[in-house]
Amino acid sequence: MKKLSILFLTAISFLVVQTSLQADFKDRMKERLPSILKAKDAGSVGEGIDGFLHLRDLASEAAKKLVTDENSDRKKYFVTAAKKHGSTIQEVAQMFSNAMKSRDKNGHWQKGSSGSWSEK
């Protein structure tokens with residue numbers, strides 16, 4: 001009985017931590033969005049077909065950090081969403097990419113599968 005209680009508490013603790021981590025990366029992504037939009041407006045970053053944010057030429061150190069931080073959280077989102085919906089990480093990333101690209105304003109840059117950039 002004692003082992004079962006310990007196992008149960010361990011499982012509950014794991015779920016609480018996982019839920020907290022999920023909320024953390026989603027919150028960070030929401031907080032980061034205005035900075036991403038500014039960087040897109042400036043042309044220093046763009047959306048890739050892989051669901052990740054990509055640096056463009058002459059990106060500043062701030063833009064590099066922004067892309068690194070955002071892509072780290074996007075990766076967590078893709079994994080979490082794939083598990084939740086019984087999908088693959090690649091499918092989730094593709095859907096995310098399509099959604100982000102459709103929301104881009106005219107003048108924002110998008111990276112295609114060949115690696116070339118095009119302006120929306």
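Consider only pairs whose beta carbons are under 6 Å apart and that are at least six residues apart or on different chains; among these, list those whose first residue lies in the range 26-52 and is without any contact (Cβ under 8 Å) to a residue 24 or more places away in the chain and whose second residue is assigned to a loop (DSSP other than H, G, I, E, B) and not hydrophobic (A, V, I, L, M, F, W, C).
From the range 26-52, the pairs are SER44/ARG56.
Within the range 79-108, take every residue that is within 17 Å of LEU33 (Cβ to Cβ) and among the hydrophobic types (A, V, I, L, M, F, W, C) and give me the one that is surrounded by the most Cβ atoms within 10 Å (Cβ to Cβ).
Here is the first cut: in the range 79-108, the residues within 17 Å of LEU33 (Cβ to Cβ) are 96-97, 99-105, 108.
When the remaining residues are screened for being among the hydrophobic types (A, V, I, L, M, F, W, C), the result is 96, 99-100.
Details: PHE96: 18, ALA99: 11, MET100: 20.
Looking at residues that are within 17 Å of LEU33 (Cβ to Cβ) and among the hydrophobic types (A, V, I, L, M, F, W, C), I get MET100.
Need pairs with beta-carbon distance below 7 Å; first residue under 19 Å from GLY46 (Cα atoms) and within the range 65-94, second among the small types (Gly, Ala, Ser) and in a helix (DSSP H, G or I); sequence gap 6+ or separate chains.
LEU66/SER35; LEU66/ALA39; PHE78/ALA93; VAL92/ALA81; VAL92/ALA82
List the residue pairs whose Cβ atoms are under 7 Å apart, where the first residue sits in the range 107-120 and is in contact (Cβ under 8 Å) with a residue 24 or more places away in the chain and closer than 17 Å to ASP41 by Cβ, the second is hydroxyl-bearing (Ser, Thr, Tyr) and part of a strand (DSSP E or B), and the two are 6 or more positions apart or on different chains.
GLN110/SER118
Which condition breaks for GLN22 when tested against (1) modelled with pLDDT of 90 or more; (2) over 20 Å from ASP104 (Cα atoms); (3) touching a helix residue (DSSP H, G or I) at 6+ places or on another chain (Cβ under 6 Å)?
Here GLN22 clears every test but (1).
The values are calculated or read from the model by the stated rules, or taken from the named source; none is laboratory data. None of these values were measured; they are calculated from a predicted model. Neighbour counts run over all protein chains shown; Cβ positions are idealised from the backbone, glycine included.
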